[in-house]
1. Looking at region 33-53, which of the residues that are under 13 Å from Phe10 (Cβ atoms) and surrounded by fewer than 18 Cβ atoms within 10 Å (Cβ to Cβ) is nearest to the chain's Cα centre (by Cα)?
2. For the structure I just gave you, tell me whether Lys153 is surrounded by 12 or more Cβ atoms within 10 Å (Cβ to Cβ), modelled with pLDDT under 70 and among the basic types (Lys, Arg).
3. Return a yes/no flag: does region 77-89 have any residue that is among the hydroxyl-bearing types (Ser, Thr, Tyr) and modelled with pLDDT of 70 or more.
4. Among the numbered criteria (1) open to solvent by less than 80 Å² (accessible area, probe 1.4 Å); (2) modelled with pLDDT under 85, which single criterion is violated by Arg56?
5. Restricting region 1-11 to residues that are in a helix (DSSP H, G or I) and open to solvent by 50 Å² or more (accessible area, probe 1.4 Å), which is modelled with the lowest pLDDT?
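The values are calculated or read from the model by the stated rules, or taken from the named source; none is laboratory data. Note that the structure is a prediction, hence the values are computed from the model and not measured. Here the Cβ positions follow ideal geometry from the backbone for every residue, glycine too, while neighbour counts run over all protein chains shown. We work out accessible area using only protein heavy atoms, side chains counted, and drop any ligands, DNA or RNA first. Shrake-Rupley method; radii C 1.70, N 1.55, O 1.52, S 1.80 Å.
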Amino acid sequence: MSEAAPGADFESFVLETIEAFSRLARTQAGDLHSAQDAVQDVYLNMYRRWETISEREGSLTAYGRTAVKRAVIDQFRRNKRMVTVPVPVHELPETESGIGIPDAAYEMIKEGIGELVSVLPERQREVITLCILQDLSTAEVAQRLQIKEESVKRYIKAAANNLKKSIDKHSEEATA
């Protein structure tokens, strides 16, 4: 067997299990970053021992799920200040948003964006509302607003800059 074959097997394993492992870690860890770290640690450790693990009897997916659960517990033990809030699986988004924002970040953006968007100029507010809140692609927004897709991208960039300024302003007021 060639050297490339084990890596290819591992790569296909990762592609098949990444979503399930990420959801499991997210429900166990309670926050996106800890979940991503746990899954990454599991895949790193599994890759290092792939030849041994793949020769064993039993399900590699089951092995991985157990490893993810244990990795989350290990992280918690290492950082006891971490507050865990289990999230029910049915509340987790299943796919990535239409504009490529990761699931958990996308949900947090949608929750807190309402008051921030209200301060944007009208066209930027329309574009952000359609792209973020209604999860439309830039092409769909351009078609709906009858403008060029590049204009939609410019509005998104301008809105992001304005939102950043607004957030910075609110942060300064909160700390003052």
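1. In the first step, residues of region 33-53 are kept if they are under 13 Å from Phe10 (Cβ atoms); the result is 42-53.
Next, from what is left, pick out any that are surrounded by fewer than 18 Cβ atoms within 10 Å (Cβ to Cβ): 44-45, 47-52.
Numbers: Leu44: 19, Asn45: 22, Tyr47: 23, Arg48: 25, Arg49: 27, Trp50: 26, Glu51: 30, Thr52: 31 Å.
Applying the filter and picking the extreme gives Leu44.
2. Working: surrounded by 12 or more Cβ atoms within 10 Å (Cβ to Cβ): yes; modelled with pLDDT under 70: no; among the basic types (Lys, Arg): yes.
No, not satisfied.
3. Step one: list which residues in region 77-89 are among the hydroxyl-bearing types (Ser, Thr, Tyr), which gives 84.
From the residues that got through so far, the ones that are modelled with pLDDT of 70 or more too are none.
Within region 77-89, not a single residue is among the hydroxyl-bearing types (Ser, Thr, Tyr) and modelled with pLDDT of 70 or more.
4. Every condition holds for Arg56 apart from (1).
5. Here is the first cut: in region 1-11, the ones in a helix (DSSP H, G or I) are 4-11.
Filter once more, so that each one left must be open to solvent by 50 Å² or more (accessible area, probe 1.4 Å): 4, 8-9, 11.
Working: Ala4: 41, Ala8: 67, Asp9: 86, Glu11: 90.
Only one residue fits best here, namely Ala4.
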